[in-house]
Structure formats: structure tokens, C-alpha cells
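The values are calculated or read from the model by the stated rules, or taken from the named source; none is laboratory data. The structure displayed is predicted, hence computed values, not measured ones. Glycine also receives a Cβ, built like all others from the backbone with ideal geometry; neighbour counts cover every protein chain displayed. Each accessible area value is taken on the protein alone, full model and side chains, heavy atoms only, with ligands, DNA and RNA left out. Shrake-Rupley method; radii C 1.70, N 1.55, O 1.52, S 1.80 Å.
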Amino acid sequence: MTRDIKKLAKEIRKEETSLPLHHEANFERLLLAELHQKKTKRISVKWISIAASVAILISVCSLFFLKNEEEKILENIPVKEMTLGTISPEFNTIETYYVNSINLEISEIEIDNSNKELIDGYLLKIAELMNEYTLLTKELNTKGVNNATIDALIRNLQLRLELLQQLKKQLSQFKNLNKKNDELQIL
């Protein structure tokens, strides 16, 4: 049942087909309605793409601006340096005890011309220990909290207190010796 399409097309053309009644009038009416239809205003794709580009540009610029402002704010905030006392309340108690004891021992030292050299020698050793304590604190901040650094910080405070206590003993011995010498000179 295969038929050639060309033959079918010729047969259909030969047959006269009549159009339905009022077909032409209906076609004209629809055509005129379509041509004279009010055009709705469409926002063109061009304007939408321009608006989207501007919005993206503004958001990217504001993102970079806010990020730079945030970095500037963070740079201006001072970083709190970690010390032995900031690690835990127990270490804070230990540090406070030793610092207060050291300050008390220093305040009780009586300086005069006769013991100035002895005191200066001890104060130089204590100053070296204080510099070492500062270095250990920096190490604590850079390397983080570890037992060796904490032990070294506590031992440093203990050594300073022991040195001051030794100084105090030597000063009292020196004072007693001077009293005995003065008594012998009087006799």
C-alpha cells in the first residue's frame, strides 16, 4: 500500500475543495484583530541584563569593601598576650602569689651605702630572670601552652623569690656583723 507522495499531492490539487461558508470573512476579522491589537509593553532582555550586571557589580564592590574594613578593624584590635595567669585560675593563683611575694621582699630591702654592691649583684640576677620570664611568655604565645614552658615560668618565679630571700638573709647577716663590729669598736 505504498503510494508515491507526489501523486497524492497532484490528486489533492485536482480536487476542488470548497472553503466553509464565511471562512474568508472570519479570516479577515481575526487578521485585523491581530494586527490592531494593543501592544503590551515588554521590558526588553537588554535592560534586564544591564540591571543584573549593575546589581552584581555593586554587590561585589561592597563585598570587597566590607572585607577590607573588617580586616582593618581586626588589625586595630590588640591581641591579648597569654601569660601564666591567663591559662587557668590555678596558674593565676600561683603567679599572683609569687609576684606578690617578690614585690613584698623587694619592698622590705633596706638599701644603704654599705650593702649597695651586694643588692646590685642580686638585682642584676633578678633582672636576668625577668628577661628570661619575658622570653618564656613570648614562647608561650608562639608555641602554645605546654608543660615545659609552664614549668619553666613557675621555676623562674620561684628562683626570683629564692634569690630575694637569700639576699634578705645575707643582708641580715651583714647587718649583724656590722653591729658586732660597731660593738667591738665601742669597747
Phi-based couplings in Hz for region 131-136 (Karplus 6.51, -1.76, 1.60; Gly and Pro marked x): 5, 5, 4, 5, 5, 5
What FRET efficiency do you get for E69 and N141 if R0 is 30 Å and r is their Cβ-Cβ distance, rounded to the nearest 0.05? 0.65
Surface per residue (accessible, 1.4 Å probe) for region 84-187, Å²: 69 Å²
Tell me which GluC sites (Glu not before Pro) from region 101-187 have a DSSP coil assignment and no more than 11 other beta carbons within 10 Å of their own. E108, E110
Fully extended contour minus Cα-Cα distance, from N178 to L32, at 0.36 nm per residue: 39.4 nm
How many nm is it between the label spots at M130 and K116, if each spot is 7 Å from the Cα in line with the beta carbon? 2.0 nm
